[in-house]
Amino acid sequence: MEMIGRYVYAVTKRLPEAQRKDVADELSGLIEDMLEERVQGREITEEDVEGVLLELGHPRTLARKYRGSKKYVIGPELYDLYMLVLKIGLISAVSVFTIIFMIQVILNPMNILDYFVNFIVSFVTIIPTVIGWTTLGFALVEYFGAGKLEHIHLDKGWKPSSLAAVPDPKRQIKRSEPIAGIMFYVLIMVILAFSNDYFGIWIFQDGEFSGIVPFLNEESYGLFLLLILIVFGFGIVKECLKFMYEKWTFSLVGFTAIVNLISIALILFMITSVQFWNPYFMNELVQHGFVNGGSDDFETVRIIWEQSTFWILIFLMFGLVWDIVAGFMKVRKAK
Amino acid sequence: MSDAHEHIDKLMQELRRGTITIGALSQLYEPQYGYSLVTTLKEKGVQVEPGTLYPLLRRLEKQGVLESKWDTNETRPRKYYVLSQTGKEVFDLLRKEWQSIVESMNNLMRERGE
């Protein structure tokens, strides 16, 4: 008889707290009824109990029937998006540490074995990390959004007229385009965040690497890094918008324009700030013997260095403005 | 031959799944507890596992088609289910739908039988 209690417990422990007591009472009643019918008045034996419980089936199966709805870590509504984000994440991660590995090998070919070991190790550590965090994020959305997600995808109120137009090839944004964009941004962000030291002029003396003269001011880099990451973050937002819209529309051009204007403002603020660039750039070049102080070469490099801020600004702004104009033209052309 | 059996098993499972609800509802104008319903249905030729029927009854109760009451006067407490007002309306409509399905299906079956 004690086995009945164990069976009932095994079923109800898999059910929501609120239902447990009621289901337990009902289930115990059922088992007793079934036993009664089975023995027809004679003494109940252990075999009878076992027979009845076998007839009811595995507690897990029964509990599943009581719960009704299927349970998902990541349900069908989110699955496609989850796979997409996971792919982007994994490809970005792999490209980042491949590039880091290559840079390290170029800088210091003697240590290639060490770097290679690190490279392999990063596969083992970083890939599970990416998978883990992505899955955790989506699982949380699934858990807290459980009821609401179904409503989003209810096919109620669907009309054939609400079908999206077959994309005009001129306006269409290929799926690969924003994905490549996002990967590019992630890559640059990671490189800037972890290897700012490599961002500069690489000095080789007698064919051997002797150091780097960084472009950026290392002392104030932390603050600017934050701003840079924000700018790239905006870039990723922009690519995500492109991805969602799937084609150029006026509202998408509007969004990209806003994102680009914010980026331009932030870049303008950073690049024109005195602390942004390496103040000792020219001196360090001379120290490394890249140019000789006072020579014509020195003057040329100095002029390039001082003018570069201006030109970088022009190019960046041109690029971002072009982005807006091109989008706008694509919308117009298709009309 | 065993292949045909496999198909039949699957198809019958689907067919039963659809008819159990309507079968159970049909017997619940008067209050019944789960196991008595299993017995009634069995007597009338409808086999249903208690492990399927009990969860189904709870689900129908949650949807508001059935109402339930614990009866503690007997030797052991039992939960009795009965059609709610909505449930009666639902079942009346369902009965008509069922009749029309049976008619159409019978027609279809006859065509092949000739």
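Take B:V38 and decide whether it is within 14 Å of another protein chain (Cβ to nearest Cβ), within 23 Å of A:L53 (Cβ to Cβ) and part of a loop (DSSP other than H, G, I, E, B).
On the way: within 14 Å of another protein chain (Cβ to nearest Cβ): yes; within 23 Å of A:L53 (Cβ to Cβ): yes; part of a loop (DSSP other than H, G, I, E, B): no.
Spelling it out, it is not the case that B:V38 is within 14 Å of another protein chain (Cβ to nearest Cβ), within 23 Å of A:L53 (Cβ to Cβ) and part of a loop (DSSP other than H, G, I, E, B).
Kindly indicate the residue of segment B:41-87 that is more than 18 Å from A:L62 (Cα to Cα) and β-branched (V, I, T) and also farthest from the other protein chains (Cβ to nearest Cβ) among those meeting that condition.
Going through the qualifying residues, I end up with B:T86.
Out of A:E177, A:E142, I need the residue that is assigned by TED's automatic domain parsing to the domain that holds A:S308, at pLDDT 70 or above and either among the charged types (D, E, K, R) or part of a loop (DSSP other than H, G, I, E, B) (or both). Which one? Break it down into steps so the answer makes sense when it comes.
Details: A:E142 fails: assigned by TED's automatic domain parsing to the domain that holds A:S308.
The unique qualifying residue is A:E177.
Scan segment A:158-170 residue by residue and report those that are modelled with pLDDT of 70 or more and under 14 Å from A:K333 (Cβ atoms).
A:P169 - this is the single residue of segment A:158-170 that is modelled with pLDDT of 70 or more and under 14 Å from A:K333 (Cβ atoms).
Do the conditions hold for B:Q27, that is, is it on the phi < 0 side of the Ramachandran plot, of a type outside the set (V, I, T) and open to solvent by less than 100 Å² (accessible area, probe 1.4 Å)?
On the way: on the phi < 0 side of the Ramachandran plot: yes; of a type outside the set (V, I, T): yes; open to solvent by less than 100 Å² (accessible area, probe 1.4 Å): yes.
Spelling it out, B:Q27 is indeed on the phi < 0 side of the Ramachandran plot, of a type outside the set (V, I, T) and open to solvent by less than 100 Å² (accessible area, probe 1.4 Å).
Filter segment B:82-100 for residues that are free of Cβ contacts under 8 Å to residues at least 40 places away in the same chain and either within 15 Å of the chain's Cα centre (by Cα) or exposed (fewer than 12 other Cβ atoms within 10 Å of the Cβ) (or both) and give the result. If you could, list the steps in order and put the result at the bottom.
First pass over segment B:82-100, keeping only residues free of Cβ contacts under 8 Å to residues at least 40 places away in the same chain: B:84-86, B:89, B:92-93, B:96-97, B:99-100.
Matches in segment B:82-100: B:Q85, B:D92, B:L93, B:K96, B:E97, B:Q99, B:S100.
Considering only residues that are touching a residue at least 24 places away in the same chain (Cβ under 8 Å), surrounded by 15 or more Cβ atoms within 10 Å (Cβ to Cβ) and over 44 Å from the mean Cα position of the chain (by Cα), which ones fall in segment A:1-26?
A:I4, A:Y7, listed by residue number.
Go through A:R60, A:R20, A:R42, A:R64 for me and flag whichever is closer than 26 Å to B:L57 by Cα, among the basic types (K, R) and away from chain B (no Cβ under 12 Å). Walk me through how you get there before you give the answer.
Working: A:R60 fails: away from chain B (no Cβ under 12 Å); A:R42 fails: closer than 26 Å to B:L57 by Cα; A:R64 fails: away from chain B (no Cβ under 12 Å).
Step by step, each of A:R60, A:R20, A:R42, A:R64 is checked, and only A:R20 is closer than 26 Å to B:L57 by Cα, among the basic types (K, R) and away from chain B (no Cβ under 12 Å).
For B:K79, only one of the following conditions fails: (1) among the charged types (D, E, K, R); (2) open to solvent by 40 Å² or more (accessible area, probe 1.4 Å); (3) under 22 Å from A:Q19 (Cβ atoms). What is its number?
(2)
Considering only segment A:65-114, how many residues are open to solvent by less than 40 Å² (accessible area, probe 1.4 Å), farther than 14 Å from A:V141 by Cβ and not in a helix (DSSP H, G or I)?
Residues in segment A:65-114 being open to solvent by less than 40 Å² (accessible area, probe 1.4 Å), farther than 14 Å from A:V141 by Cβ and not in a helix (DSSP H, G or I): 1 in total.
Could you go through segment A:40-54 and let me know if any residue there is under 26 Å from B:Y35 (Cβ atoms) and either in contact with a Gly (Cβ under 7 Å, 6 or more places away or on another chain) or in the same structural domain as A:G137 (by TED's automatic domain parsing) (or both). Before the answer, list the steps.
Keep residues of segment A:40-54 that are under 26 Å from B:Y35 (Cβ atoms), which gives A:40-54.
If we keep only those that are either in contact with a Gly (Cβ under 7 Å, 6 or more places away or on another chain) or in the same structural domain as A:G137 (by TED's automatic domain parsing) (or both) too, we end up with none.
No, every residue in segment A:40-54 fails to be under 26 Å from B:Y35 (Cβ atoms) and either in contact with a Gly (Cβ under 7 Å, 6 or more places away or on another chain) or in the same structural domain as A:G137 (by TED's automatic domain parsing) (or both).
Please return the ranges of helices (runs of 4 or more DSSP H) entirely within segment A:240-335 where 3 or more residues are on the phi < 0 side of the Ramachandran plot and not assigned by TED's automatic domain parsing to the domain that holds A:N217. Break it down into steps so the answer makes sense when it comes.
Values: elements: A:250-272, A:281-287, A:296-334.
Correct list: empty, since no element meets the threshold.
The values are calculated or read from the model by the stated rules, or taken from the named source; none is laboratory data. Keep in mind it's a predicted model, so treat the numbers as computed, not measured. Ideal geometry is used to build each Cβ from the backbone, glycine not excepted, and the neighbour counts take in all protein chains shown. Accessible surface is based on the protein model in full, side chains and every heavy atom, while ligands, DNA and RNA are left aside. Shrake-Rupley method; radii C 1.70, N 1.55, O 1.52, S 1.80 Å.
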